[in-house]
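Input: a single structure, listed below in structure tokens.
Nothing in this text is a laboratory measurement; each read-out follows from the coordinates by a stated rule. This structure is a prediction, so every number in the text was calculated from the model and none was measured. Cβ atoms come from the backbone with ideal geometry, glycine included; neighbour counts cover every protein chain shown.
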Amino acid sequence: MTRNEEMKAVLESTTFKLSGGLRGLFVLFVAIGLVGFIVGASGSHPHLAWQALLTNTVYFGGIAFGGLMFSVIWHITDANWGRPYKRFSEALGAFAPIAGLLYLVLFFGAHHFFQWMDHDKVIHSKAAWLNFPFFVERNVILYVVVLILAFIYVKNSLRPDIGLAKKLNNFSNGFADKFVSGYGDQDAEQKACKKKNDRIAVLLAMGWGLLSSLIAFDWIMSIDQEWFSTMFGVQYLAASLITGMACLNLISGVAWKKLGLDGYINTSRHHDTGKFIFAFCLLFTYMVFSQVLVIWYGNIPEETPYLLLRMHSHEWGWLFWVLAVMIFLVPFFGLMPRTVCNLPWASRIFAIDVLVAIWLEKYFLIAPSIQENMADAAGVGAHLAGFQYNIFDFSITLGVLGAFLLSVFWFLSKVPAVPISDPRFYKEGHH
């Protein structure tokens, strides 16, 4: 069998169609989320709806870019093992434009979580940074720049695959056809697109590093304007990579058998996804421990209240230790054995564990600061509500999840699900 014949067979077995029933279910999720947000934002406690939207935007937006970054990493490092997951990685990034729209919506609710929106309450030394016009400008400009770089990168990644798919199987749809206008010789197109992405990938990686830090500082850390940590951006970046790889672990376990990719995805490659989750959980824990340690021995009044609220308060202290177990102890002891990482059903359990844990971590970072701001506004004697998972959290999470799944599956239904033109995409032992 020639290479083209092999790739034609792979293309046919991996052609993905989003069924009407599944699409309808995801649309229903979005509708539930939209109704939940409207009811909550117009109700007696609007901050709960805005808080839920902020939590899910930074969470699912992190997954989108965190997942896409693995395609970028594999391109920059010229790695072989991740090639079967390359398109799935890019599919996760399909949610990034929707996340951008959600950030635009959040601008309208900024006064519900940012105390510094009140000019009389902003810390004077931080007023140059924490002012709303500049806040909007820097977030919009950087997000748009990174989104443009991501689009160019994905376009260059898709173009040779779509061009080859049209040649092998008359692959065509309105979305895919736009990526191959003026398509020339296959080898020349592959070389040209790779050369372009050699530069774009590096710029995109640096851009995402800056954007992830800005999101962490502006959308999470500045809710409590007195607290600051220069390592907080890396914490958010590490969390995004954890969730991105957890999603790829779940996808690979399904694609391995359901899409006929046995040989392209195998035990060794699936094992690598589990070990990456293991490694990034350790990195995330190190980031948190490093911040806690420095704040503890520094004992600076501007920093300690943030930790005291989350580690020692009756309302929130218990959740800190729950997260420590879910993000560190469970994956550490669960994914250390080789046997667990080799089994899709077993590693899937730990992937789900860290996905849930990182959502809780975002809630844990955002909600206590909002409650503290509200208590300050209420005056002496006001108390914190503590952990309140309510109907707005459920409905809005379901809505954003529906939008996320719709974007991922829609993307996979419009393009070749695997990088058939990539010479490094091959069966293990057949190269």
Seminar exercise, completed: Helix 20-41: inclination vs the chain longest Cα principal axis, degrees, rounded to 10, gives 20 degrees
For this session: Sort 332-339, 389-396, 409-416 for me by packing, meaning the mean count of neighbouring Cβ atoms within 10 Å per residue, highest on top.
Result: 409-416, 389-396, 332-339
Exercise. What ranking do 20-31, 270-281, 216-227 get when scored by the average of other Cβ atoms within 10 Å per residue, highest first?
Worked result: 270-281, 216-227, 20-31
Seminar exercise, completed: Of the candidate values (i) 20.9, 69; (ii) 22.5, 78; (iii) 22.3, 70, the one computed for Rg and Dmax of the Cα atoms in Å from this structure is (ii)
Problem set entry | Helix 132-169 vs. the chain, principal-axis angle (Cα, 0 to 90°, nearest 10) | 20 degrees
For this session: Among the lysines, select those whose C-alpha is under 17 Å from the C-alpha of K427, and discard any that sit fewer than 8 residues away in the same chain.
Result: K8, K86, K257, K258
Exercise. Taking the alpha-carbon centroid of each part, what is the distance from segment 1-59 to segment 121-146 in angstrom?
Worked result: 30 Å
Exercise. For the Cα atoms of the chain, what angle does the longest principal axis make with the long axis of helix 46-77, in degrees from 0 to 90, nearest 10?
Worked result: 40 degrees
Problem set entry | Violating pairs (Cα-Cα greater than 25 angstrom) within the set K194/K275; K196/K275; K17/K362; K194/K414 | K194/K275; K196/K275; K17/K362
Seminar exercise, completed: Here, T304 and L101, labelled 7 Å along Cα→Cβ, have an inter-label distance in nm of 4.8 nm
For this session: Work out, step by step, the length gained on full extension between H111 and A324: first 0.36 nm times the residue separation, then minus their alpha carbon distance; give nm to one decimal.
Result: 73.5 nm
Exercise. How big is the C-alpha Rg of segment 292-431 next to the rule-of-thumb value 2.2 N^0.38 Å, as a ratio?
Worked result: 1.49
For this session: Please work out the C-alpha center-to-center distance from segment 93-109 to segment 166-234 and express it in whole Å.
Result: 16 Å
Problem set entry | Mean Cα-pair separation over length for segment 3-414, i.e. relative contact order, pairs under 8 Å, 6 or more apart, % | 30 percent
Seminar exercise, completed: Summing -39500 (n - 2.57) over every DSSP H run of at least 4 in the chain, dividing by its residue total and rounding to the nearest 500, the 222 nm mean residue ellipticity is -24000 deg cm²/dmol
Exercise. Given labels modelled 7 Å from the Cα in the Cβ direction, how far is it in nm from S42 to S181?
Worked result: 4.1 nm
